[in-house]
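Asker: First, the structure itself, so that you have it in front of you.
Bear in mind these aren't lab numbers, they're just calculated from the coordinates by the rules spelled out. Worth saying up front: this structure is predicted, and the values here are computed from it rather than measured. Here the Cβ positions follow ideal geometry from the backbone for every residue, glycine too, while neighbour counts run over all protein chains shown.
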Amino acid sequence: MIELERYELNEGPAYRFTPDRRDVLKLLGGGLAVFLLLDRDAAAQESGRLRRGGSDMPQDIAAWLHIGPDGAISVYSGKTEVGQNIRTSLTQAVAEELHCSPSSIQMVMADTDLTPYDIGTFGSRTTPFMAPQLRKVGAATRETLLDLAAARMQVDRADLTAADGCVRDTKTNAKLSYSDLTRGEQITKAISADTSLSNPTAWTIAGQPLDKVNAREIVTGRHRYASDFQRPGMLFGRVLRPDSYGARLVSLDAGQTNAQVVRDGEFVGVVAADELAADRALEALKPAWKSEAQRSSSDLFAYLKANVEPEGPAANEHGSVEDALLSADHKLKATYTVAYIAHVPLEPRAAVAEWKDGRLTVWTGTQVPFGVRGELAEAFGLPQDKVRVIVPDTGSGYGGKHTGECAIEAARLAKAAGKPVKLVWTREEEFTWAYFRPAGVIDIRSGVSNAGLLTAWDYHNYNSGPSGLNTPYEAAHQRVQFHPTKSPLRQGSYRGLAATANHFARECHMDELAHTIGMDPLAFRHKNLTNPRMLAVLDAAADRFHARADAPRKGRGVGVSCGFEKGGYVACCAQVIADTTGKVKIERVVISFECGAIVNPLHLENQVEGAAIMAIGGALFEGIEFDNGRLKNGRLSRYRVPRFSDLPIVETVLVNRKDLPSAGAGETPIVGLAPAVGNAIFEATGVRVRSLPMLPALSIGRKLPG
């Protein structure tokens, strides 16, 4: 059973429009108005399938794969390519089992009319769940082709072999191509439950550093993102936004504009012939808003602690924490905080919507195409088979593109205009109206013996989430608990989810404990870890780091961290130059990562390095500032993201475990950098920073309570 993180897919519908009378009659004819109930029931069935981990995925080969008469092999998956290169790795998975060239395979992805239902692309689920499914499809197809060839060639099946897209008779060397065998017809066989897959030790296509399959289209600009799509007669839209979070529209003066103004309840937008005209029409609107006083980032953490939801998950507890704390040789208590941060995808939200013959088609960038289809169906009171969502390869998501607001807005404007409409969010809209990575407060009490053994562990996370909550360190007496709270800002999934916050707090605290008893932080971790996979990545990172360590100097510090999340093990060593004025330069980072059998070492290395670079922002300077319902830094000129000048030398050590199933790698590598850098800052400056981002606290030499 798949346990979803609290902030995966938890947002409610952004809009629910009331169909007008003509729409109702079109949908129902003379029937009763029960379509919404039926639609929700279908959605509930899909969510039930989702919780079961996709156990009822189609088992017919034809649902997943088709061989055309020209030899082109189309493979269908509901997954979305958002820059993590799964288009390539899934191609390798099929090619490996089907014994054909990757160049003969065309992945058809994220089209709700063409691909099997999929929960979405998040949680590092593609490699451990979708790749094995497509490997089974490839293997089952190969076996079926061997059966067809034996019948067609009238030879003993045992004399046949499949390779390079052909079936060959090993005795006569006669061969038939896969397209000769299928003749463009669908393969009607089912995938057998006992379909055998190749062993990673024998991989020749998977496990190799294959280049990104559509790299040329991406780098030459031939690839079309959602914002590039054009439809005949297409218009351009903009949406009126409130002047603060939660503000209600009191009145609206449309002003002097030739553009079409669309209002549906609280939704207001404009449609014009071009983007400039739409911008001017939006500026001409004269709305009046009513808002109420709201929280500010200055009192955020006190607010989170004071607004715990009454029904949260029970603590994971064993032993007697209080007794162990009383008898501990050394005790430590500390509080760590994590700010809201923005996803800042390279591609802001965009959608093109078209209504035709009572059916809605939307081209948009999203991580959950079937989820967005459901949102559109609910917003407009449509059966889901009347909605099609098509997702081109998307310019990053990081967990931030789970919801379909932009698609719904474009569809509402298109419905009013009677023509296709393109809507592209501005960067300011992306900052303000998307959701944020949850902020959080983490309280830790711990006890340790003089010999360096962790004896008590009491850990409480408020709001940021339970992902990565449990400690990998041995402690006979421990209590670990997540406390959901009310959030003043909209929050949701982010790369690594709460594992970044939980690893930052835990790994910094372990460093504090090591220094408390005067033990080397690496040795202290060794003493309290028993998991061989964790120890292996920790040693791999330390060995690479120390093999080329720079000479000690004033203001230079080294820090270490390790962790586990979503089937992957990571360790990080960081070297920084820092002082108490807030100046920090990360000089060198070594990350060791193990996620079972490696599918594509080139792309895995890219994922690890990309995660490390992205993590620099949240570790040092990314943090949303807000006051009374308004963002104070909701644009790139005010919100600091990593720059080229911030980048350290990043060395990646990949631990390839061909004896273990492959796990995903899009998220886990991000969790190690912040605590390693925080621990290095302490060694360089003597200041323990317990907040993310760290630079604001370091610049004033502030130590958080605890």
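Asker: Rounded to the nearest 20 debye, what is the charge dipole size of region 209-292 about its Cα centre when +1 sits on each Lys and Arg Cβ and -1 on each Asp and Glu Cβ?
Answerer: Numbers: 12 positive and 12 negative charges, 36 e Å.
Once rounded to the nearest 20, the dipole reads 180 debye.
Asker: Among DSSP beta bridges whose residues both lie in region 61-216, state the antiparallel percentage, nearest 5. Present the calculation step by step, with values, prior to reporting the outcome.
Answerer: Values: 10 of 15 bridges.
The antiparallel proportion sits near 65 percent.
Asker: How do His460, His223 rank when sorted from fewest to most other Cβ atoms within 10 Å of their own Cβ?
Answerer: Working: His460 19, His223 15.
If I rank by nearby Cβ atoms, fewest first, I get His223, His460.
Asker: How large is ³J(HN,Hα) for each residue in region 95-108, as worked out from phi by the Karplus curve 6.51 cos²θ - 1.76 cosθ + 1.60 (θ = phi - 60°), to whole Hz, x for Gly and Pro?
Answerer: 4, 4, 7, 7, 6, 9, 6, x, 5, 8, 9, 10, 7, 9
Asker: Among Pro484, His503, Ala514, pick out the residue whose Cα is farthest towards the positive end of the charge dipole of region 473-522, where Lys and Arg carry +1 and Asp and Glu carry -1 on C-beta, about the Cα centre.
Answerer: The residue sitting farthest along the positive end of the dipole is Pro484.
Asker: Using 0.36 nm per residue of separation minus the Cα-Cα distance, give me the extension gain between His318 and Ala549 in nm, one decimal.
Answerer: Details: separation 231, 0.36 × 231 = 83.16 nm, distance 4.06 nm.
The His318-Ala549 span can extend by a further 79.1 nm.
Asker: May I pose another question? Please list, ordered by chain and number, the residues whose modelled amide H lies under 5 Å from the amide H of Leu235; skip anything fewer than 5 residues away on the same chain.
Answerer: Val421, Lys422
Asker: Testing the spin-label approximation: label points 7 Å from Cα along Cα→Cβ at Ala476 and Gln256. State their distance in nm.
Answerer: 8.3 nm
Asker: Just to confirm a number: summing +1 for Lys and Arg and -1 for Asp and Glu over residues other than Ile67 whose beta-carbon lies under 12 angstrom from that of Ile67, what do you get?
Answerer: Value of the local net charge: -1.
Asker: Rounded if a/c is under 1.5, else prolate if a/b beats b/c, else oblate: with a ≥ b ≥ c from the C-alpha gyration tensor eigenvalues square-rooted, which is region 384-446?
Answerer: Details: a/c = 2.88, a/b = 2.36, b/c = 1.22.
Taking the square roots of the gyration eigenvalues as a ≥ b ≥ c, region 384-446 is prolate.
Asker: Taking θ = phi - 60°, what integer Hz values does the Karplus form 6.51 cos²θ - 1.76 cosθ + 1.60 yield along region 241-250, in sequence order, with x for Gly and Pro?
Answerer: Listing the rounded values in order: 9, x, 7, 7, 4, x, 5, 10, 7, 8 Hz.
Asker: Additional query: Please get the size of the charge dipole for region 61-216, origin at its Cα centre, with Cβ charges of +1 on Lys and Arg and -1 on Asp and Glu, quoted in debye to the nearest 20. Before the final figure, lay out each step's value.
Answerer: Details: 15 positive and 17 negative charges, 36 e Å.
That gives region 61-216 a dipole magnitude of about 180 debye.
Asker: Okay, moving on. Once Rh for region 61-216 is found with the Kirkwood sum over Cα pairs, what is the Stokes-Einstein diffusion coefficient at 25 °C and 0.890 mPa s, in µm²/s? Write out the running numbers ahead of the final one.
Answerer: Values: Rh = 16.0 Å.
Estimated diffusion coefficient is 154 µm²/s.
Asker: Need one number for region 142-204: average projected area of the convex hull over its C-alpha atoms, nm². The partial results should precede the final answer.
Answerer: Details: hull surface 20.5 nm².
It is 5.1 nm².
Asker: Summing -39500 (n - 2.57) over the DSSP H runs of n ≥ 4 in the chain and dividing by its residue number, what mean residue ellipticity at 222 nm do you reach, to the nearest 500 deg cm²/dmol?
Answerer: On the way: 18 runs with 208 residues, N = 706.
One gets -9000 deg cm²/dmol as the mean residue ellipticity at 222 nm.
Asker: I've got another one for you. Give the shape of region 266-370 as rounded, prolate or oblate, defined through the alpha-carbon gyration tensor: a ≥ b ≥ c are the square roots of its eigenvalues, a/c under 1.5 means rounded, and otherwise the shape is prolate if a/b is larger than b/c and oblate if not.
Answerer: Values: a/c = 3.29, a/b = 2.26, b/c = 1.45.
Judged from the Cα gyration tensor, region 266-370 comes out prolate (a/c at least 1.5, a/b above b/c).
Asker: Quick one: which residues, 5 or more positions from Gln106 or on another chain, have an amide H under 5 Å from its amide H? H modelled 1.01 Å from N in the peptide plane, none for Pro or chain starts.
Answerer: For Gln106, whose amide H was placed from the backbone, the distant partners under 5 Å are Ile73, Ser74, Val75.
Asker: May I ask what percent, to the nearest 5, of DSSP beta bridges between residues of the chain are antiparallel? List each step's numbers first, then the result.
Answerer: Details: 81 of 109 bridges.
In the chain, DSSP labels about 75 percent of beta bridges as antiparallel.
Asker: Using a basic spin-label model with each label point 7 Å from the Cα along Cα→Cβ, how many nm lie between Ala72 and Ser101?
Answerer: So the two model labels end up 1.5 nm from each other.
Asker: Quantify how much of the Cα-Cα distance distribution of region 539-643 extends past 18 Å, in percent. Don't skip to the end; give the middle numbers.
Answerer: Details: 3314 of 5460 pairs.
The proportion of pairs with Cα distances above 18 Å equals 61 percent.
Asker: For the ranges 398-410, 616-628, 206-218, what's the packing order if you count other beta-carbon atoms within 10 Å of each residue, average per peptide, and put the highest first? Show your work: numbers first, answer last.
Answerer: Details: 398-410: 26.5, 616-628: 21.4, 206-218: 16.3.
Result, highest mean first: 398-410, 616-628, 206-218.
Asker: Looking at this model, which pairs from Lys386/Lys419; Lys189/Lys212; Lys554/Lys585; Lys136/Lys386; Lys290/Lys401; Lys290/Lys486 are more than 25 angstrom apart at the alpha-carbon?
Answerer: Numbers: Lys386/Lys419 17 Å; Lys189/Lys212 31 Å; Lys554/Lys585 14 Å; Lys136/Lys386 31 Å; Lys290/Lys401 29 Å; Lys290/Lys486 22 Å.
Those over the limit are Lys189/Lys212; Lys136/Lys386; Lys290/Lys401.
Asker: What is the gain in length, in nm to one decimal, between Leu535 and Asp520 on full extension, counting 0.36 nm per residue of separation less the C-alpha to C-alpha distance?
Answerer: Extending this stretch completely gives an extra 3.8 nm.
Asker: Pop out the ³J(HN,Hα) list for region 277-287 in order, Karplus 6.51 cos²θ - 1.76 cosθ + 1.60 with θ = phi - 60°, rounded to Hz; leave Gly and Pro as x.
Answerer: Taking θ as phi minus 60°, the curve returns 5, 5, 4, 5, 5, 5, 5, 6, 5, 10, x Hz for region 277-287.
Asker: Give the Cα extents of region 542-591 along the principal axes, in whole Å, largest first.
Answerer: Extents along the principal axes, in whole Å: 38, 26, 11.
Asker: Need one number for region 269-314: average projected area of the convex hull over its C-alpha atoms, nm².
Answerer: Taking the Cα atoms of region 269-314, their convex hull projects to 7.1 nm² on average.
Asker: When Tyr225, Tyr473 are ordered from fewest to most other Cβ atoms inside 10 Å of their Cβ, what list results? Let's see the in-between values first.
Answerer: Values: Tyr225 17, Tyr473 22.
Ascending number of Cβ neighbours within 10 Å: Tyr225, Tyr473.
Asker: Calculated FRET efficiency, Ile649 and Asp243, Cβ-Cβ r, R0 45 Å, to nearest 0.05? It would help to have the intermediate numbers written out before the result.
Answerer: Details: r = 45 Å, r/R0 = 1.01.
Once the sixth-power term is evaluated, E becomes 0.50.
Asker: Starting from 0.36 nm per residue, how many nanometres of slack lie between Leu326 and Arg359 once their C-alpha separation is accounted for? Don't skip to the end; give the middle numbers.
Answerer: Values: separation 33, 0.36 × 33 = 11.88 nm, distance 6.71 nm.
Going from the current span to full extension adds 5.2 nm.
Asker: Right, another one. Please list the non-local residues whose amide H lies under 5 Å from the amide H of Asp60, H modeled 1.01 Å from N, same-chain partners needing a gap of 5 or more.
Answerer: For Asp60, whose amide H was placed from the backbone, the distant partners under 5 Å are Ile191.
Asker: Still on this structure: Sorted from fewest to most neighbouring beta carbons within 10 Å, what does the list Leu235, Leu346, Leu529 look like?
Answerer: On the way: Leu235 23, Leu346 10, Leu529 16.
Ascending number of Cβ neighbours within 10 Å: Leu346, Leu529, Leu235.
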